[in-house]
1. Kindly establish whether Leu122 is touching a helix residue (DSSP H, G or I) at 6+ places or on another chain (Cβ under 8 Å) and free of Cβ contacts under 8 Å to residues at least 60 places away in the same chain.
2. Only one of (1) surrounded by fewer than 18 Cβ atoms within 10 Å (Cβ to Cβ); (2) at pLDDT 95 or above; (3) among the aliphatic types (A, V, I, L, M) is not met by Ala159, so which one is it?
3. Which residue is modelled with the highest pLDDT, if the candidates are limited to the stretch 162-180 and must be within 22 Å of Tyr130 (Cβ to Cβ) and not hydrophobic (A, V, I, L, M, F, W, C)?
4. Looking at (1) of a type in the set (S, T, N, Q); (2) closer than 19 Å to Glu166 by Cβ; (3) without any contact (Cβ under 8 Å) to a residue 40 or more places away in the chain, find the lone condition where Ser69 falls short.
5. Mind counting the residues in the stretch 75-99 that are under 15 Å from the mean Cα position of the chain (by Cα) and among the basic types (Lys, Arg)?
6. Return only the number of the condition from (1) closer than 19 Å to Gly160 by Cβ; (2) in contact (Cβ under 8 Å) with a residue 24 or more places away in the chain that Ser79 does not satisfy.
7. State whether the residues of the stretch 157-169 include one that is under 22 Å from Phe43 (Cα atoms) and free of Cβ contacts under 8 Å to residues at least 60 places away in the same chain.
Amino acid sequence: MKQLFFWFGTLIILNSCVVQGLTNDYGKLNDSEKALIHNFEGFSEVESRAIYEINGKALREELKNHPKSIVYKLANGCSSELCKPLQVYENFAKEHDYHLFMVMSGYANLHKTMEQPFSSPLYAIDTDYYETKISYKYNRYFDNDFMGLETKAKQGEYAGSLYFFEGDSLVEVRRELPEE
């Protein structure tokens, strides 16, 4: 009888746990958060503070249209000292003549991103395009595509979340913005 209560209690506890980050977490968004996500119809159609699902190949094509760009892959709600408020990235890009693309690695903790003051559009990885909802896979496929690598190629050691481009040529990957 004690074992029955133990297993029943364990089941209740495990059932109340929410695991984030294994998938893109779209299914965990509420209706108002889902309403922020729009169909991507081209970079000329994007609006401030809206979210558009894109693939890495489309992003790479757009990079060709800008002399200098930064692609910032962000994790919503990141608490690391390497993660700055979105306005910091916007200000840096503006001051140094970069076009900024802020791409979310998933939807978990979206509310923490949307609470911040920023004016840029946000992008999210189109998991349907990559035919997987598994986070580590679609993130790798997306990164490879916008960096011009074979989509399913294995990646080396993590270099950072800030990708600096000249046109569509990758210049540098950093963990944080350069000192001014």
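The values are calculated or read from the model by the stated rules, or taken from the named source; none is laboratory data. All values derive from a computational prediction rather than experimental measurement. Quick reminder, even Gly has a Cβ in these numbers, built from the backbone with ideal geometry, and neighbours come from all protein chains shown.
1. Answer is no for this residue.
2. Unmet for Ala159, out of (1) surrounded by fewer than 18 Cβ atoms within 10 Å (Cβ to Cβ); (2) at pLDDT 95 or above; (3) among the aliphatic types (A, V, I, L, M): (2).
3. Tyr163
4. Of everything listed in (1) of a type in the set (S, T, N, Q); (2) closer than 19 Å to Glu166 by Cβ; (3) without any contact (Cβ under 8 Å) to a residue 40 or more places away in the chain, Ser69 misses just condition (3).
5. 1
6. All conditions are met except number (2).
7. yes
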